[in-house]
1. Looking at this structure, is residue 166 closer than 29 Å to residue 108 by Cβ, within 19 Å of the chain's Cα centre (by Cα) and free of Cβ contacts under 8 Å to residues at least 24 places away in the same chain?
2. Sort out which residues of the stretch 145-178 are of a type in the set (A, V, I, L, M, F, W, C), crowded, with 21+ Cβ neighbours inside 10 Å and assigned to a helix (DSSP H, G or I), and write them in order of number.
3. Of all residues in the stretch 242-253, how many are out of contact with any helix residue (DSSP H, G or I) (no Cβ under 7 Å at 6 or more places or on another chain), more than 16 Å from residue 210 (Cα to Cα) and either modelled with pLDDT under 95 or surrounded by 13 or more Cβ atoms within 10 Å (Cβ to Cβ) (or both)?
4. Examine the stretch 314-324 for a residue that is surrounded by 14 or more Cβ atoms within 10 Å (Cβ to Cβ), modelled with pLDDT of 95 or more and either under 30 Å from residue 229 (Cβ atoms) or small (Gly, Ala, Ser) (or both), and state whether such a residue exists.
5. Only one of these is at pLDDT below 95, loosely packed, with under 12 Cβ neighbours inside 10 Å and in contact with a strand residue (DSSP E or B) (Cβ under 9 Å, 6 or more places away or on another chain): 142, 123, 181. Name it.
6. Identify, by number, the condition in (1) in a loop (DSSP other than H, G, I, E, B); (2) buried (at least 18 other Cβ atoms within 10 Å of the Cβ) that residue 276 doesn't meet.
7. Just to be sure I understand the filter: pairs with C-beta atoms under 8 Å, separated by 6 or more residues or on different chains, first member in the stretch 354-370 and touching a residue at least 40 places away in the same chain (Cβ under 8 Å), second member surrounded by 12 or more Cβ atoms within 10 Å (Cβ to Cβ) and assigned to a helix (DSSP H, G or I). Which pairs pass?
8. Which condition number in (1) assigned to a strand (DSSP E or B); (2) within 26 Å of residue 326 (Cβ to Cβ); (3) over 19 Å from the mean Cα position of the chain (by Cα) is the one that residue 205 fails?
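The values are calculated or read from the model by the stated rules, or taken from the named source; none is laboratory data. All values derive from a computational prediction rather than experimental measurement. Cβ: placed from backbone, ideal geometry, glycine included. Neighbour counts: every protein chain shown.
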Amino acid sequence: MSRVDHDIVVCGGGVAGACAAALLSRSFRVALIEARKPEISLPENDFDPRVVAISPGSRAILEAAEGWPANQDDRIGPYHHMQVHSARGRIDFQASQHGLAQLGWIVEIPVLQQALWHSIENHDAVTVLAPQRIRRFDQDEHRVRIELEQGKAVRCRLLVAADGARSRLRAQAGIGVDTWHYNQKALVAHIRTEKPNRGLAWQRFTEHGPLALLPLADGRSSIVWSQSAERADRLGNWPSEQFLETLNHSQDSPFGVALECSTRHALPLIRRKAQRLTQGRLVLLGDAARTVHPLAGQGLNLGLADAAALAEVLEDRTAEADLDPALKRYQRWRSSASALTGGGIHAINELTFAPGDAGRLLLGLGFSAAGRLWPMRERFVRSACGLDSDSPRLARQTGQPRR
C-alpha cells in the first residue's frame, strides 16, 4: 500500500464540508483544508441574513457529526406547520399529522459553522490545515498527491471537493457542469410583522416569483423572495417604507402587515449540476456537486445528505483497500437524488414564471389536489424531511421527537 499522510482530505470548511470531515473522522484519519479559517462571531443585536432550513433528517446528520448547535435555542426558529399558496390553491402540512414534532428549523449559517468547527477542532482524528489552499493535485489508482500553495505536499487515499459552486478542484479534474442562469435573484431580509411568526413556514407564488416567510426564533420572519434580477436589485435599493409597501401588497400572510425590515441582500440564482460526482479518487460534495433554486429550501440539506451518504458507502465497503465500488455507489445514489430534487424544483420555478397566470393556476390546482391525497402528502413530507428510504441511515436515525 502506498504511503499516505491522511486517509481522506476534505477541501472546504463550509457547513457541508465540515460536516463531512466530522462524519468521516469516525472511521478514518481526515485532514480539512480551508482557505480561510472562519472567525465566527455572531451578531449581538440581530440575526445573520444567511439563514437556511434544516430538515429533521439533516438535524440527525448534524447531531451525528456533533455539529448541532444544542445550546443556541434562542437563535433557532423551529416550524411545525407549512403552508404553500398559488393562485386560489393551497396545501398545508402539520408535523403532528406525520408523527413529527417539527418539520424543520431555520438556522443561521454561522451558528452551524461555529458548532461544526468546535466539533472538528476537538477531534483527534481531524487535522485542520488552515489557512491553506490547494495549488494542484495528481492521482493514480491508489492515492492522491496534493500540492499546497505554501509548498507542502500531502498524500491521501481520497480527496473530497467541498469547495463551493465554483469548485476549483472540479475544474482541475475536468468535470463538466450543466448550468442554467435563471436571470433571477433571491431578495433576502428579516421582517417584523403585526403578529409574530410562531412556527409557520409560509410561501406564496406571487406574480413576480415565490415569496417565503420563515420563522426566526424572536418571532420575526426571514423572507426569501425570488424574482427577476432587475426587479430584485431595484427593490433592494428602495427606501424601507417603499419596499414594505410593495411587500405587503404581495404577501397577504397570516402575520399581518410587515412593519420593519432589516438590510436587504439580492443573491443571484444559478442552477448547476456536475456531470459526474466522482473522478478517480476525487469526490464532489455539496455545492461543488450541484446548486438548486432556493424555493424549496433544499440546497444545504442535499449537501448534508451527500456527507452522510459518503460516510455510509465508505464505512460499508467490504474490501479495505478497494474504494471503487463505494465511489460508484455514491455516484449512482447522489446523482439520482440530485436529479430528482433539483429537477422537481426547477420545473416548479419554470411554471411560476410562465407567461400570464397559467403556471400559477396550474400549481394551485396541483397543490389542492395533492392536499386531498394522503399517500402523496406522506411521501412528500418523508422526502422533504430527509426521512424516506433513499435518505442516508444517519438521517433516518432521528430518535425521539424534538421540540
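1. Here the answer is yes, as residue 166 does meet what is asked.
2. Passing the criteria: only 169.
3. 2
4. Looking for residues that are surrounded by 14 or more Cβ atoms within 10 Å (Cβ to Cβ), modelled with pLDDT of 95 or more and either under 30 Å from residue 229 (Cβ atoms) or small (Gly, Ala, Ser) (or both), one finds none in the stretch 314-324, hence no.
5. 181
6. Failed condition: (2).
7. Pairs that qualify, where the first residue is touching a residue at least 40 places away in the same chain (Cβ under 8 Å) and the partner is surrounded by 12 or more Cβ atoms within 10 Å (Cβ to Cβ) and assigned to a helix (DSSP H, G or I), are 360/351; 360/352; 363/348; 363/351; 363/352; 370/376; 370/377; 370/380.
8. Unmet condition: (2).
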